[in-house]
Every structure is written in C-alpha cells, then in structure tokens.
C-alpha cells in the first residue's frame with residue numbers, strides 16, 4: 001500500500017495544521033494538500049507545531065476547492081463522526097476505519113484521507129465527491145481534534161503497509177522442557193499432595209505457554225528455579241561448591257520424611 005495523501009479542508013487554526021502535518025509525517029505521509037484555508041498555514045505557529053514535519057508543511061499545495069485537490073488520486077476517503085442526512089438527503093454511513101482498511105487487502109492505489117473543518121466538518125456537496133466515509137470509534141465524547149484524527153487515520157494506514165517492529169523471539173528446542181522439568185522438581189520438593197502437584201504442573205505450562213517466552217527469558221527464570229532446587233539438595237542441580245556455600249550460610253533445607261505422610265486429597 002502506498003503512503004497516504006492528507007487533505008485538510010478549510011482549517012481555521014494554524015496550530016491544528018502544524019500538528020496535523022506532524023502526525024501525518026510520523027506515519028509516512030509525503031503529500032499534504034490544503035483546501036481554502038481560513039488561516040495562514042505557513043505561519044510561525046503552524047511551523048512550530050509541525051516540528052520535524054516542517055518540510056511536509058512547507059511543500060503543501062493549497063487548492064481553492066476539494067474537487068481540484070482530488071486530482072491524481074485513486075480513492076478519496078472522508079472522515080466523519082456523524083451519521084445524519086446530507087444536502088442530497090442520503091444518510092452518511094461511515095465504516096469503522098479499521099474495517100475499511102482491512103477490506104482493501106492488497107490494494108495499492110493512491111488513497112487520500114480527507115478531513116473537514118474543525119467546527120463543521122465536510123459539507124454534503126464535499127461528501128458527494130468522496131468514494132467512502134470512515135469513522136474512528138470513540139467513547140462517549142466523540143469529537144476529535146483535527147490533528148488527532150489525522151494522526152489516527154495515518155497510523156491505521158501505516159499499520160497495513162509497514163513491517164512489524166516486534167522483536168523476533170527465538171526459543172531453543174530444549175529450553176522450555178528444561179524449565180518445565182525444574183518446575184516439576186520444585187513442586188515435588190514443596191508440595192506433598194499429588195492432586196496439587198498435578199494442578200501446579202498443568203497451570204505452570206499453560207501460563208508459560210501463553211507468554212511465548214524466548215530462550216533468554218527461559219534461562220533467566222531457570223536460574224532462579226535452579227537456585228531454589230540447590231537449597232533442597234535436588235540431584236542434578238547442586239554442586240559440591242554450591243552446597244558448601246549454602247550450608248555455610250544456613251540456607252540448605254533440611255528434608256524430613258517424604259512420601260509416607262503425603263496426602264492425596266483436597267484440603
């Protein structure tokens with residue numbers, strides 16, 4: 001999907017124009033168009049609010065009307081927070097922005113997001129020039145600042161065209177099994193009741209499995225479990241050096257009789 005075009009229709013506050021440019025630039029917009037502005041869109045206030053997006057704002061083209069601003073675009077999508085009759089008596093029926101973008105799929109045309117005036121939005125005649133309408137789901141207070149609406153739309157657009165920045169998570173083939181074995185051993189050392197042991201093993205695996213751990217995370221937790229098992233003198237985890245160190249500090253767990261007093265019933 002290509003970067004979006006942002007069209008601001010009749011903006012009246014230079015600060016909103018600058019902030020809109022900033023939000024658009026954050027998510028890849030390289031074409032800002034402004035229709036019949038009611039303020040100086042290149043004023044110091046606008047430029048100050050634009051921050052790193054000053055080049056985008058400085059290169060923005062100004063048009064006398066929306067029709068001329070739509071030249072060269074594949075699709076124009078308006079934004080609205082309302083569902084009411086327009087001048088031609090057809091209801092505005094906006095789609096949820098995420099539903100709309102998901103429906104585009106691999107479409108690769110040049111799409112423009114069109115934003116109306118801060119106080120009155122788009123006129124019915126302007127809506128008639130557009131190919132679709134979307135809305136941004138909100139809570140009870142539905143009115144968004146112009147720059148906020150621009151930022152949200154460009155963000156949603158960017159989500160579909162940008163690669164994920166989630167770090168890759170790798171898990172070696174035996175790391176999780178070693179962690180589970182250590183947990184099982186700790187359960188046996190601390191819980192005599194068989195039914196509680198079974199529950200603890202099962203719950204542990206479900207919780208860890210939902211977390212999608214990577215090898216480093218598993219090894220970190222494994223170190224804590226291994227240290228605990230050393231205190232119990234669990235075979236396979238203690239070394240002569242570690243046991244001597246723990247004994248000197250009085251940290252070794254004295255084991256009592258096991259098995260004979262175990263209870264296999266819920267208490």
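The values are calculated or read from the model by the stated rules, or taken from the named source; none is laboratory data. Note that the coordinates shown come from a computational prediction; the quantities given were computed from them, not determined experimentally. Every residue, glycine among them, receives a Cβ derived from its backbone with ideal geometry; neighbour counts consider all protein chains shown.
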*Filter segment 158-169 for residues that are in a helix (DSSP H, G or I), farther than 21 Å from residue 49 by Cβ and within 13 Å of the chain's Cα centre (by Cα); which is modelled with the highest pLDDT?*
159
*List every residue pair whose Cβ atoms lie under 8 Å apart, where the two residues are 6 or more positions apart in sequence or sit on different chains, the first residue falls within segment 211-237 and is not assigned by TED's automatic domain parsing to the domain that holds residue 181 and surrounded by 15 or more Cβ atoms within 10 Å (Cβ to Cβ), and the second residue, located anywhere, is assigned to a helix (DSSP H, G or I) and modelled with pLDDT under 90.*
none
*surrounded by 19 or more Cβ atoms within 10 Å (Cβ to Cβ), closer than 20 Å to residue 122 by Cα and at pLDDT 95 or above, is that true of residue 69?*
yes
_Checking residue 100 against (1) touching a residue at least 40 places away in the same chain (Cβ under 8 Å); (2) more than 25 Å from residue 18 (Cβ to Cβ); (3) surrounded by 14 or more Cβ atoms within 10 Å (Cβ to Cβ), the condition it does not meet_ = (1)
_From the list 188, 126, exactly one residue is modelled with pLDDT under 95, closer than 30 Å to residue 234 by Cβ and either touching a helix residue (DSSP H, G or I) at 6+ places or on another chain (Cβ under 9 Å) or outside any helix (DSSP H, G or I) (or both). Which is it?_
188
